[in-house]
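*Asks:* My questions all concern the structure below.
No lab work stands behind these numbers, since they all come straight from the coordinates. Here the structure is a predicted model, which is why all the values come from computation and not from measurement. Cβ placement follows ideal geometry from the backbone for every residue including glycine, while neighbour counts extend to all protein chains displayed.
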Amino acid sequence: MTLLEKIQRGRTPKPPRLLLYGTEGIGKSTFGSKAPKPIFVQTEDGLDEIDCDRFPLAATFDEVVQALQDLQAEKHDYQT
């Protein structure tokens, strides 16, 4: 097969990337909790009133990295 026969056409579907910014209490986490099967990596308090799955509060950058590595390495049902 030649390289010309491998040419791809069209768009490659990718999930959307979002950045939410706002003052405390405006609803950023509530908005995020409505995404498909979300999991939160907590870096501050404030999720107590939201019905969502979350890691324990991360006190260090290494704890955040560990949570993300676990999500990448282990099988789970979370999508967001």
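*Asks:* Between a first residue in the stretch 46-57 that is of a type in the set (Phe, Trp, Tyr) and a second residue that is not in a loop (DSSP other than H, G, I, E, B), which pairs have beta carbons less than 6 Å apart while being 6 or more apart in sequence or on different chains?
*Replies:* Qualifying pairs under 6 Å: Phe55/Ala67.
*Asks:* Now, a different point. How about the stretch 42-80: which of its residues are more than 20 Å from Gly32 (Cβ to Cβ), assigned to a loop (DSSP other than H, G, I, E, B) and either among the aliphatic types (A, V, I, L, M) or in contact with a Lys or Arg (Cβ under 7 Å, 6 or more places away or on another chain) (or both)?
*Replies:* Ala59
*Asks:* Determine if the stretch 18-38 includes at least one residue that is in contact (Cβ under 8 Å) with a residue 12 or more places away in the chain, surrounded by 10 or more Cβ atoms within 10 Å (Cβ to Cβ) and of a type in the set (Val, Ile, Thr).
*Replies:* Yes, the stretch 18-38 has at least one match.
*Asks:* If a residue has to be out of contact with any strand residue (DSSP E or B) (no Cβ under 9 Å at 6 or more places or on another chain), in contact (Cβ under 8 Å) with a residue 12 or more places away in the chain and within 20 Å of Leu19 (Cβ to Cβ) to count, how many in the stretch 58-78 make the cut?
*Replies:* Within the stretch 58-78, residues that are out of contact with any strand residue (DSSP E or B) (no Cβ under 9 Å at 6 or more places or on another chain), in contact (Cβ under 8 Å) with a residue 12 or more places away in the chain and within 20 Å of Leu19 (Cβ to Cβ) number 3.
*Asks:* State all residues of the stretch 60-80 that are hydrophobic (A, V, I, L, M, F, W, C) and exposed (fewer than 10 other Cβ atoms within 10 Å of the Cβ); if no residue qualifies, say none.
*Replies:* Within the stretch 60-80, Phe61, Ala73 qualify.
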